[in-house]
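Nothing in this text is a laboratory measurement; each read-out follows from the coordinates by a stated rule. Bear in mind the structure is a predicted one, so any value in this text is a computation, not a measurement. Positions of Cβ are generated from backbone atoms using ideal geometry, with glycine treated the same way; all protein chains shown enter the neighbour counts.
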2 protein chains.
Amino acid sequence: MKKRFLFTPGPSNVPPEVLAAMARPIVHHRSPDFDPIFAECSKRLQYVFQTENPVLTFASSGTGAMEAAVTGTLSPGDTMITIEGGKFGQRWGDIGRAYGMNVVTLTVEWGDAVDPARVAQALKDHPDAKAVFATLCETSTATLTDIEALGKVVAPTDAILAVDAISGLAADVFKTDAWGVDLAVAGSQKALMLPPGLAFLAVSAKARKLIETAKCPSYYFNLKKALKNLADNTTAYTPAVSLIVGLNVALRMIEAEELPNVWCRHSALANALRRGGNGLGLRQFSKAPSNAVVAWHLPEGVSYKDLSLKLRDEHGLTIAGGQDHLKGKIFRAAAMGWADLKDVISFLGALERVLTDLGYAVPQRGGGVAGALEELESYELGFAN
Amino acid sequence: MKKRFLFTPGPSNVPPEVLAAMARPIVHHRSPDFDPIFAECSKRLQYVFQTENPVLTFASSGTGAMEAAVTGTLSPGDTMITIEGGKFGQRWGDIGRAYGMNVVTLTVEWGDAVDPARVAQALKDHPDAKAVFATLCETSTATLTDIEALGKVVAPTDAILAVDAISGLAADVFKTDAWGVDLAVAGSQKALMLPPGLAFLAVSAKARKLIETAKCPSYYFNLKKALKNLADNTTAYTPAVSLIVGLNVALRMIEAEELPNVWCRHSALANALRRGGNGLGLRQFSKAPSNAVVAWHLPEGVSYKDLSLKLRDEHGLTIAGGQDHLKGKIFRAAAMGWADLKDVISFLGALERVLTDLGYAVPQRGGGVAGALEELESYELGFAN
């Protein structure tokens with residue numbers, strides 16, 4: 001028997017209800033079988049994004065919607081400000097450079113969040129900047145950016161604020177409209193509890209003005225065409241029908257739990273993971289931790305390869321390692337989407353066992369689980385409904 | 001009870017085995033759970049494409065891979081030759097124009113296939129042309145292009161031949177390498193029997209040379225990056241894991257049936273549909289019919305809306321209408337992918353009943369089914385294995 005569970009920051013585990021919905025016979029995407037499903041999804045996405053603005057759905061990974069955000073609003077030569085404190089912050093700059101933008105980069109130490117004052121200064125230094133590109137949860141370092149503060153800095157200027165919320169959405173508190181976010185990107189395979197293959201993009205009125213004048217070439221990810229089609233409750237190109245059918249079920253689950261409770265659950269589980277890590281004597285990596293994923297330094301003498309393979313082969317648990325220069329330095333675990341207290345407890349127990357097997361001296365037997373239970377004492381738990 | 005069946009040229013019906021595979025718990029895309037599946041898919045795709053060259057997999061609709069084919073091999077200002085005899089032939093030109101190419105268009109009457117001599121002449125008139133873009137099955141008109149003949153015309157020149165085989169692959173005979181096709185595009189939701197959400201692109205050595213020098217901006221669909229990642233048995237960005245798990249099952253089914261038999265089945269069913277249509281007194285639209293989809297003129301006095309709604313609401317059968325200027329003029333039906341004799345017979349019976357209800361005088365009661373049965377007499381049928 002192989003009972004597996006993903007503790008990776010995407011793909012995350014998909015609830016059986018969603019898997020079952022996606023296994024239903026396929027329907028045609030331009031038909032009365034699909035139209036109400038897509039309309040419901042678009043509406044429910046607005047709730048999860050906390051926006052009144054349109055939310056586009058693309059058949060692609062999240063990176064596709066990031067490209068749409070850049071090429072749909074800017075023209076070659078335009079100045080854009082990016083914040084690079086990890087692999088995904090860098091991606092905004094990579095996309096901009098691929099399309100000939102003038103990319104102004106604010107470099108941040110990996111594991112740190114950007115100081116909003118630096119963004120304010122950059123906007124003063126580059127009054128021609130058309131957009132600021134930020135990352136809600138920088139997945140590679142498990143670090144949260146204070147998007148609300150960035151919104152206050154960017155909103156009064158002519159620039160728009162674009163946020164990669166791919167791993168953060170529904171895990172970290174995120175309020176697109178209230179925080180003045182003009183473009184918000186998300187992906188299906190994170191806290192939205194779906195397989196990968198869908199990307200989402202919320203578009204504000206301020207962003208739509210830029211879209212009117214943008215001159216980057218684009219076709220599949222063309223925002224004008226996508227917005228026009230969304231207004232007609234459809235997509236420019238064939239949508240990933242089965243994933244959208246699953247999306248509707250997943251979003252209904254989030255709606256039933258209510259978004260503030262979903263945020264609270266992610267916070268509780270991430271805090272429990274972190275406190276559990278403390279109980280195991282692990283050192284957290286991020287200085288501004290997100291609730292989507294937790295990163296720890298690898299204890300001395302423990303290799304990522306050994307740790308991850310033992311967790312996988314002996315316990316059916318998949319974790320993630322460090323990326324780029326953090327490879328072999330950190331490991332990451334996420335109780336994201338379809339996860340609860342049981343999952344965190346079992347993970348910490350298995351982690352303790354594997355670390356011990358690998359010669360690491362755990363400060364106290366059961367210390368990981370003890371930490372998590374202590375942390376979770378203050379949270380209401382319940383299967384009452 | 002609502003027992004539905006799609007008779008649309010994509011999405012097509014997904015076999016229960018494939019639906020079940022996609023409903024399995026999700027695995028991580030960079031893990032030993034996924035690596036062999038992706039390697040198998042890439043290998044099996046080569047078989048279906050009939051190529052020894054790499055076949056890329058993108059998380060997108062087929063249009064995404066068309067954009068990759070254009071932007072990955074050309075530079076702005078380059079001359080490209082397109083053949084526009086329908087909506088999808090036009091798409092090649094639309095993509096080229098979006099990226100600033102010099103698009104030379106060979107216009108063909110909708111429903112006609114291009115004369116290869118015209119392509120040869122165009123290559124003589126435009127010796128700087130970098131590529132010819134063609135369409136195996138022009139889905140909007142149910143028309144087949146003679147790609148083998150085009151290959152003979154293009155291969156001796158410096159230009160590459162790119163073919164949109166999205167709806168044609170595995171339905172119409174198609175031999176990427178033997179016919180000298182340099183770029184072949186396909187999508188998951190046609191004869192490959194999967195939901196939409198995956199696009200494929202086979203890339204020849206001649207095309208790879210162009211890729212080295214191409215200067216169109218690109219990111220998500222960047223071919224250099226995609227080819228480099230495929231060589232490492234991975235994808236540049238998060239793949240649509242569950243669809244790829246399903247793909248492997250679908251491709252295994254095609255392998256077990258053997259591709260020549262799959263082609264033969266599509267030919268048999270399409271011929272049965274056409275002969276059945278004759279039996280109903282219907283007039284075929286295409287002058288060079290494909291086996292992926294059949295198009296008929298709408299009989300006088302029968303509106304597409306009435307026909308399609310009655311088929312849908314009374315029989316659970318979904319068909320497709322005409323596109324652009326053919327809207328309201330033709331209707332299309334496809335026995336594509338997971339379809340057999342039973343499906344064609346039941347469709348023709350339901351079609352006869354609906355046409356009769358709508359006041360159309362069928363030449364002979366049961367004439368549609370009779371035609372199909374007559375056509376299929378010469379084909380071996382069997383569930384022996």
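Here are a few things to note about the model shown:
- Cβ-vector label at 7 Å, B:Asp112, separations to other copies in nm: 6.8
- Ranking A:Pro15, A:Gly368, A:Ile160 by how far each Cα lies toward the positive end of the dipole of chain A (charges on Cβ) leaves A:Pro15 at the top.
- Top of B:Pro127, B:Pro260, B:Pro11 by mean-square fluctuation, Gaussian network on chain B, Cα under 10 Å: B:Pro127
- The stretch A:124-265: antiparallel DSSP beta bridges as a percent of all, rounded to 5: 45 percent
- Per-residue extension of 0.36 nm, minus the Cα-Cα distance of B:Thr234 and B:Thr213, leaves a gain of 5.2 nm for this segment.
- Placing unit charges on the Cβ atoms only, positive for Lys and Arg and negative for Asp and Glu, gives the stretch A:288-380 a dipole magnitude near 400 debye about its Cα centre.
- Centre separation in Å (Cα based) which lies between the stretch A:1-55 and the stretch B:238-296: 29 Å
- Magnitude of the charge dipole for chain A, about its Cα centre and with charges confined to Cβ atoms of Lys, Arg (+1) and Asp, Glu (-1), is about 700 debye.
- Residues considered: B:Ala184, B:Ala68, B:Ala236. Largest GNM mean-square fluctuation over chain B, using C-alpha springs under 10 Å, is found at B:Ala236.
- Cα Rg over Rh - the stretch B:242-314, Kirkwood: 1.12
- Among the listed pairs A:Lys124/B:Lys215; A:Lys228/B:Lys327; A:Lys209/B:Lys87; A:Lys43/A:Lys224; A:Lys209/B:Lys215; B:Lys3/B:Lys329, those whose Cα-Cα separation exceeds 22 Å are A:Lys124/B:Lys215; A:Lys209/B:Lys87; A:Lys209/B:Lys215; B:Lys3/B:Lys329.
- Between identical copies, the spacing of B:Glu148 label points, each set 7 Å from Cα toward the C-beta atom, reads 6.8 nm from nearest to farthest.
- Column: log10 I(q)/I(0), Debye, Cα scatterers of the stretch A:246-385, q = 0.12, 0.15, 0.16, 0.18 Å⁻¹: -0.49, -0.75, -0.84, -1.02
- In angstrom, the C-alpha Rg and Dmax of the stretch B:176-315 are 20.2, 58.
- DSSP bridge orientation in the stretch A:16-257 - percent antiparallel, rounded to nearest 5: 40 percent
- Alpha-carbon geometry of the stretch B:66-189: the Rg and the Dmax are 12.8, 38 Å, given in that order.
- Chain B holds its axis-closest Cβ, relative to the rotation onto A, at the residue and whole-Å distance B:Ala23, 2.
- For chain A, the relative contact order comes to 23 percent (Cα pairs under 8 Å, sequence separation of at least 6).
- Alpha-carbon centroid distance for the pair the stretch B:199-217 / the stretch B:94-155, whole angstrom: 18 Å
- Estimated from helical segments only, the mean residue ellipticity of chain B at 222 nm is -13000 deg cm²/dmol, where each DSSP H run of four or more residues counts as -39500 (n - 2.57).
- The convex hull around the C-alpha trace of the protein assembly as shown, projected and averaged over every direction, spans 33.3 square nanometres.
- Rounded to 5, the percent of DSSP beta bridges in the protein assembly as shown classed as antiparallel: 50 percent
- With kT/(6 pi eta Rh) evaluated at 25 °C and eta = 0.890 mPa s, and Rh the Kirkwood radius from Cα pairs, the stretch A:1-87 diffuses with a coefficient of 144 µm²/s according to Stokes-Einstein.
- The convex hull of the Cα atoms of the stretch B:16-257, projected and averaged over all directions, covers 11.9 nm².
- Distances, shortest first, from the label point of A:Glu300 to those at the same position in the other copies read 9.3 nm; the point lies 7 Å along Cα to C-beta.
- In the stretch B:118-222, Rg over Rh equals 0.98, where Rg is the alpha-carbon radius of gyration and Rh the Kirkwood radius from pairwise Cα distances.
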